[in-house]
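What follows draws every value from the coordinates through simple rules; no lab data is involved. Since the model is a prediction, treat every value here as computed from it, not as a measurement. Every residue, glycine among them, receives a Cβ derived from its backbone with ideal geometry; neighbour counts consider all protein chains shown.
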Amino acid sequence: MTLKETFTHTTWPDASIVEDLTRLRQKNPLVHCVTNLVVTNFTANVLLAVGASPAMVVAVEEVGQFAPVADALLVNVGTVTAIDAGAMLEAARAANQAGTPWVLDPVAVGALSFRTDVVQQLLGHHPTIIRGNASEILALAGEGSKSKGADSTADSSEALDGARSLATRTGAVVAVTGVVDYVTDGNEVVGVPGSHELLTKVTGSGCALGAVLAAFVGVQDSVFRAAVSGSAVFAIAGERAAHDARGPGSLAVALVDHLYLVGREGDEAPVSST
Amino acid sequence: MTLKETFTHTTWPDASIVEDLTRLRQKNPLVHCVTNLVVTNFTANVLLAVGASPAMVVAVEEVGQFAPVADALLVNVGTVTAIDAGAMLEAARAANQAGTPWVLDPVAVGALSFRTDVVQQLLGHHPTIIRGNASEILALAGEGSKSKGADSTADSSEALDGARSLATRTGAVVAVTGVVDYVTDGNEVVGVPGSHELLTKVTGSGCALGAVLAAFVGVQDSVFRAAVSGSAVFAIAGERAAHDARGPGSLAVALVDHLYLVGREGDEAPVSST
Amino acid sequence: MTLKETFTHTTWPDASIVEDLTRLRQKNPLVHCVTNLVVTNFTANVLLAVGASPAMVVAVEEVGQFAPVADALLVNVGTVTAIDAGAMLEAARAANQAGTPWVLDPVAVGALSFRTDVVQQLLGHHPTIIRGNASEILALAGEGSKSKGADSTADSSEALDGARSLATRTGAVVAVTGVVDYVTDGNEVVGVPGSHELLTKVTGSGCALGAVLAAFVGVQDSVFRAAVSGSAVFAIAGERAAHDARGPGSLAVALVDHLYLVGREGDEAPVSST
């Protein structure tokens, strides 16, 4: 059985993706983010552009009050400190208890002991979606990590088996980001042609995708479908942005523009990614 | 009595606004910012562009030494934690004691208990200007909040009475940001045609306006006039930027460019906003 | 003896600089950053663009494990708090012990007591490179500070003697940033025509240069040569970016683009800076 046989490809502008993006913009979900300090601004701008309402509420004194009223929560451990960890665990606990769907982005898990321990504790609060690169997913799946800081040294397809077992074990939908993004619930796998290679030169592009997945799962009961739609919208915006950019600086700007423009009036000729 | 009868409109390039901007660039005020972690970079770039010198000094060990030597202070509670709150209160206390004018940006006050309490304590140090959206100003005025995270659900004109009573009660000039920005000292009200709607898709645009008001009040004895001038300069830059942008990513970049370009040589044909 | 007689000028595309940039991109050094919260995003994007792999690991629980495996470390005290100071000292200690070269960026040292004390403690861990503006270098050299927040009030050439004595005393290579950047090991001095004046309106441009120096020293045994090459690459990218930009917003974007583009295929006609 080849990889090709095990999953289907989905790309913008498939009908369900367009429908999910339209719903997101109608509902304007409130996305509670406890994310790393490198990407807060970029993440907020990405969420606003796609049609969500970001709220970076990070104090341990506030997260327990806020996560239950948000439509979705994102927890990203990229620059986690002990104080942050307390807030993340409280946010995840409150989200899980209140039924707020939440996305875990386990940046560089496996590479450093402290965050690896924090991530293991976060898993106890049942993330709805886990998004990571291949190295991170392999580390979480217990298949060893080859990460180099926040950058993956493995290809996303190598992490497919690990992603499936991680999904089965945790009950989360797992999204592995790479040249192709794979989304799996343990059984089904959908591949989304990932973003242009240049996007790996924009810090926080993966983290921003995690936030976009949170936005989609905040307005869509099917977690699997939300993760596929969010990945596809991000990928098409990334592809269009890479087409416009001459380097990573202009790419980051264009990505935010295209996340805003995609699917709006005038978007008559979506680029085909296949 | 209609709204139109209760206040005057002021826009760039009214003479007093041009004069205040010129003075700001001559004096290059040192603006001490204790702001939220989402907007630090954007705020610093906005201040540099308009002609001020930003200083993000945030440690409780340092703010008391710095606020007295700064020309103005900005306190923004967007991502306030317990540690931040201590620094904010110390900065506000020191500024108030030393006569350094200071701007309070009470992000999402009323929506979350912890920050609402912090903001109430900050009010005890007599902010010179309070800048917020309609929901925040209404919450502070004790007229209930309808905020959704950091985004207002009320129109700025709805908060006009609340703004007036808040100004009267606190002695601060109050600036309500929205489709029209209103500035009031409790008696007089000036309306400034606000920025383009797309600017609400740029995270921290309101926070950056708060910083700009601090820069203007750092070089201008009339607090009311400073708040009007700062709002008008920000609005014209925002309008020009929106004209150039194709989405929120390029808008944020263009806003910084236009805050730098406005009123400089070659700026012969200011856009009329009315 | 005139200044001109005491040092040589080096600019892109001198052969050694091109060689160092090529090596950097081949080796993709892992640069551990403990920097200020204003510039984290910009610094990470600058490092990715030039060809390095940034890792913003900031928790005191993690820095001691990470600095030894990184190729270089950057410590920047721009927004240092007591908690940050603990992490910075631990990172510097671990780097020094493991032989990881590290860059100290003593933002606003001399202007505020707390950070001045932190910087003095950091010096005990033997930074490989110290990068600062003239005011900061003068303050460290014990020749008094005239800083205004993070901005220098002195010219880089005024700090040349101070830089030399600081280098001799600490054993670090000292880079003074200004209209001309000077790099010295206490004996030799090389001047690099610095970046366009407009770059002083982009927050964190100096901080980003410090990160670039860390990237270069991570792949080059000669610390002095690494500091010269890094300064020259940053300067040429800054000059090209200033040529393209219409204000500080577009300048920041173009700088990241040009740090990516410089020296790549198609870069046939490097601008001469002399």
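Odds and ends about this structure:
- Euclidean distance of C-alpha centroids, segment B:49-109 and segment C:79-99, integer Å: 26
- Of the residues B:54, B:81, C:263, the one whose Cα sits farthest toward the positive end of the charge dipole of the protein assembly as shown, with +1 on the Cβ of Lys and Arg and -1 on the Cβ of Asp and Glu, is B:81.
- A label point on residue B:155, set 7 Å along the Cα-to-Cβ line, lies at 5.8, 5.8 nm from each of its counterparts in the other copies, closest listed first.
- Shielding of peptide A:23-34 by partners, expressed as the average count of other chain Cβ atoms within 10 Å per residue Cβ, is 1.
- When Rg and the Kirkwood radius Rh are both evaluated on Cα atoms of segment A:8-261, their ratio Rg/Rh stands at 0.93.
- ³J(HN,Hα) computed for each position of segment A:199-210 - Karplus, 6.51 cos²θ - 1.76 cosθ + 1.60, integer Hz, glycine/proline x: 5, 5, 8, 9, 4, x, 5, x, 4, 5, 4, x
- Mean residue ellipticity (222 nm) of chain C, computed from DSSP H runs ≥ 4 via -39,500 (n - 2.57), nearest 500: -14500 deg cm²/dmol
- Phi to ³J(HN,Hα) by Karplus 6.51 cos²θ - 1.76 cosθ + 1.60 over segment A:55-68, Hz, x for Gly, Pro: 9, 8, 9, 10, 6, 4, 6, 10, 4, x, 7, 8, 3, x
- Cross-link pairs beyond the 23 Å C-alpha cut-off, checked among B:27/B:201; A:27/A:201; A:201/C:27: B:27/B:201; A:27/A:201
- For segment B:13-150: relative contact order, % (alpha-carbon pairs under 8 angstrom, 6 or more apart): 20
- Ascending count of other beta-carbon atoms within 10 Å, so fewest first, for B:109, B:179: B:179, B:109
- Here's how it looks for residue C:130: its modeled amide H is under 5 Å from those of C:104, C:173, C:174, C:175, which are all 5 or more places away or on a different chain.
- Counting Cβ atoms of other protein chains within 10 Å of each residue's Cβ and taking the mean over peptide B:105-113 gives 3.
- Antiparallel bridge percentage (DSSP; both residues within segment A:8-261; nearest 5): 30
- Normalised by the number of residues in segment C:3-261, the average gap of Cα pairs under 8 Å and 6 or more apart makes the relative contact order 21 percent.
- Listed residues A:130, A:10, A:45: farthest to the positive end of the dipole of segment A:8-261 (Cβ charges): A:45
- The residues neighbouring residue C:216, those whose beta-carbon lies less than 12 Å from its own, together hold a net charge of +1 under the Lys/Arg +1, Asp/Glu -1 convention.
- Selected from B:203, B:235, B:168, residue furthest toward positive end of dipole (segment B:9-261; charges at beta carbon): B:203
- Mean shadow area of segment C:199-274 over all directions, Cα convex hull, nm²: 5.4
- For segment B:149-209 versus segment C:187-252, the gap between their alpha-carbon centres in whole angstrom: 40
- Descending principal axes extents, segment B:155-248, alpha-carbon based, whole Å: 42, 31, 19
- Take each residue of peptide A:52-65, count the partner chain Cβ atoms within 10 Å of its Cβ, and average: the result is 6.
- Exposure proxy for C:265, A:136, B:62: other Cβ atoms within 10 Å of each Cβ, ordered fewest to most, give C:265, B:62, A:136.
- Footprinting exposure proxy for A:60, B:69, B:46 (fewest neighbouring C-beta atoms within 10 Å first): B:69, A:60, B:46
- Size of electric dipole in segment A:171-274: Cβ of Lys, Arg +1 and of Asp, Glu -1, about Cα centre, debye, nearest 20: 260
- At q = 0.08, 0.11 Å⁻¹ the log10 of I(q)/I(0) for the protein assembly as shown amounts to -0.64, -1.26, computed by Debye summation with a single uniform scatterer per C-alpha, solvent ignored.
- Magnitude of the charge dipole for the protein assembly as shown, about its Cα centre and with charges confined to Cβ atoms of Lys, Arg (+1) and Asp, Glu (-1), is about 420 debye.
- A simple charge model with +1 on the Cβ of Lys and Arg, -1 on the Cβ of Asp and Glu and nothing else charged puts the dipole of chain A at about 220 debye relative to its Cα centre.
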